[in-house]
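I have placed the structure first, in the form of structure tokens, so that the comments after it can refer back to it.
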Amino acid sequence: MSAMERFIDTFFKPSVIASTWPKILDGMLVTVELALAVVISGLAVGLLLALIRTAQIRLVNAVIIVLVDVLRAVPPLVMVLIVYFGLPNVGLTLPSFAVLWLVLAAVLAAFGEEIFWAGILSVRRGQWDAARSTGLTFIDTLAFVVLPQTIRMVLPPLVNRTIAISKNTALGTVIGVPELLNQATTAVSFISNATPLSLAAIGYLIIFLPVVLLGSWLERRFAFRKA
Amino acid sequence: MKAATPILDIIGLRKSFGANEILKGIDLAVRAQETVFIIGPSGSGKSTLLRCCNRLEMPDSGTVRVDGVDLGHATTDINAMRRRIGMVFQSFNLYPHMKAIDNITLALRRVSKKSRTEAERIALAALEQVGLAEKSNAYPAELSGGQQQRVAIARALALEPKVMLFDEPTSALDPELVGSVLAVMSDMRRAGMTMVVVSHEMRFARDAADRVVFMDHGVIVEQGTPSEVFGQARHQRTRAFVSQLER
């Protein structure tokens, strides 16, 4: 057996591809659903928390800051395990999909809040002054003057963080969410061949590469027009 | 003669930041169509005084009345009043993500509740007034400093203010661009706008000011016509400051 044949037999064995691709496809679908749910809810909550923080209510802000720091400090895997294996003990049993979604959305919300907040802070004070001096309300100033500038500034870090956290959907493997990596590892355990993992890697590429490209396109699209 | 009722009436205004008292009881009345220049060393409270005139800063005590309305009164709609008080900033503060015309229409649409077409008509007229109608579709980054400041003036003018506050409007400009902004301000003065100007453009103040107010350490030291304040100030502090300006 040549090296090339051995390589193909290990990572791209045709018979394994034929028998496992439907499962891999199922896993991709679950991963996409999970990632979409995490991104939409995580970013929405993150932005909401940052907006609440602009109201400068001391106690509320303190709670947000502590929550966000904890969520950013603890590894997502630890949180997934705690929530999945811990909550049933207090009588609350959530499906594994819901656990993974909640944990990752919370983590993305925490990072998102920090990124949005930093962006809001970086809009110059004079922008607020100018808008308020023309009679715009606080909310209108946020919506029409501050946030559009914030979004442009935070897009690169936000896209990077969002992709990083979405890839954590692979943690579903440890609590039995039938996502892409889980389908692949299950198949591997039955046939002792790495081909399903190769397929999973290709699946992740198909899902996330377009997101990476979309991210760079958005950055260019929303960059300030230069003279 | 100009009307006697003050458009802007400041009485006993005090403002501290922490332990630092910036304004120590300011009284100043500005009549309709009057142009008042406020001069004084940095840290004397000029900018804070202007910012109290539209509640960008909240005074600790004292009253500011604009067109007879007490800005600090609980029933005063401050956002409605701010439309009547135009403000121009040292750093222009145009919205960088919006074209010149959209910088102007934003408040017209959101605050004055004009339709898009009506707001755009008013905005174009305001740009015309500052000589920049042809730049309506330019973004701020595509404009020179002087042009940006004129757009900022148009943004305030479009709301038909009763009084315009200028906070060092030419300090951030290259010398060759100062003239275009001062020319616009002269036009406004001729058109009868009431203006309060914090500026050290002494030559311009001589021509354009009805009154010059000298502030130092949070109080008004003295005031008078430009020739009085610049030529024969009564207080040593004023004379010392003016002679610095002339240098």
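The values are calculated or read from the model by the stated rules, or taken from the named source; none is laboratory data. Just so we're clear, the structure is a prediction, and the values are computed from it rather than from any experiment. In this analysis, Cβ positions are derived from the backbone assuming ideal geometry, glycine residues included, and neighbour counts consider all displayed protein chains.
Structure summary
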{"read-out": "Segment B:123-161: number of residues that are more than 13 Å from every other protein chain (Cβ to nearest Cβ) and either under 23 Å from A:Asp129 (Cβ atoms) or buried (at least 16 other Cβ atoms within 10 Å of the Cβ) (or both)", "value": "9"}
{"read-out": "Options A:Leu87, A:Leu100, A:Leu92, A:Leu67: the member that is assigned to a loop (DSSP other than H, G, I, E, B) and either modelled with pLDDT of 95 or more or over 30 Å from B:Ser112 (Cα atoms) (or both)", "value": "A:Leu92"}
{"read-out": "Lone qualifier among A:Ala143, A:Ala164, A:Ala130 - being assigned to a helix (DSSP H, G or I), surrounded by 18 or more Cβ atoms within 10 Å (Cβ to Cβ) and small (Gly, Ala, Ser)", "value": "A:Ala130"}
{"read-out": "Count of residues meeting criterion [of a type outside the set (Lys, Arg), facing another protein chain (nearest Cβ under 7 Å) and free of Cβ contacts under 8 Å to residues at least 60 places away in the same chain] in segment B:79-106", "value": "7"}
{"read-out": "Single match in A:Arg53, A:Arg6 (criterion: in a helix (DSSP H, G or I), surrounded by fewer than 14 Cβ atoms within 10 Å (Cβ to Cβ) and among the basic types (Lys, Arg))", "value": "A:Arg6"}
{"read-out": "Every residue from segment B:107-122 that is surrounded by fewer than 22 Cβ atoms within 10 Å (Cβ to Cβ) and facing chain A (nearest Cβ under 9 Å)", "value": "B:Arg110, B:Val111, B:Ser112"}
{"read-out": "Selected residue (criterion: farthest from the other protein chains (Cβ to nearest Cβ)) from residues of segment B:7-61 that are at positive phi and in contact with an Asp or Glu (Cβ under 8 Å, 6 or more places away or on another chain)", "value": "B:Gly12"}
{"read-out": "Counted residues, segment B:1-45 - those being outside any strand (DSSP E or B), without any contact (Cβ under 8 Å) to a residue 12 or more places away in the chain and over 23 Å from B:Glu201 (Cβ atoms)", "value": "3"}
{"read-out": "Test set (1) within 17 Å of B:Ile38 (Cβ to Cβ); (2) surrounded by 17 or more Cβ atoms within 10 Å (Cβ to Cβ) - B:Thr225 fails condition number", "value": "(2)"}
{"read-out": "Residues being among the small types (Gly, Ala, Ser) and more than 14 Å from chain B (Cβ to nearest Cβ) - total across segment A:132-165", "value": "1"}
{"read-out": "Matching residues, segment B:52-91, being part of a loop (DSSP other than H, G, I, E, B) and among the aliphatic types (A, V, I, L, M)", "value": "B:Leu56, B:Met58, B:Leu71, B:Ala74"}
{"read-out": "A:Trp117 being within 14 Å of chain B (Cβ to nearest Cβ), more than 19 Å from A:Leu25 (Cα to Cα) and either assigned to a helix (DSSP H, G or I) or not aliphatic (A, V, I, L, M) (or both)", "value": "no"}
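Every residue, every condition in (1) closer than 28 Å to B:Ala32 by Cβ; (2) part of a loop (DSSP other than H, G, I, E, B); (3) modelled with pLDDT under 95, yes or no:
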site	(1), (2), (3)
B:His200	yes, yes, yes
B:Val213	yes, no, no
B:Ser227	yes, no, yes
B:Arg237	no, no, yes
B:Phe241	no, no, yes
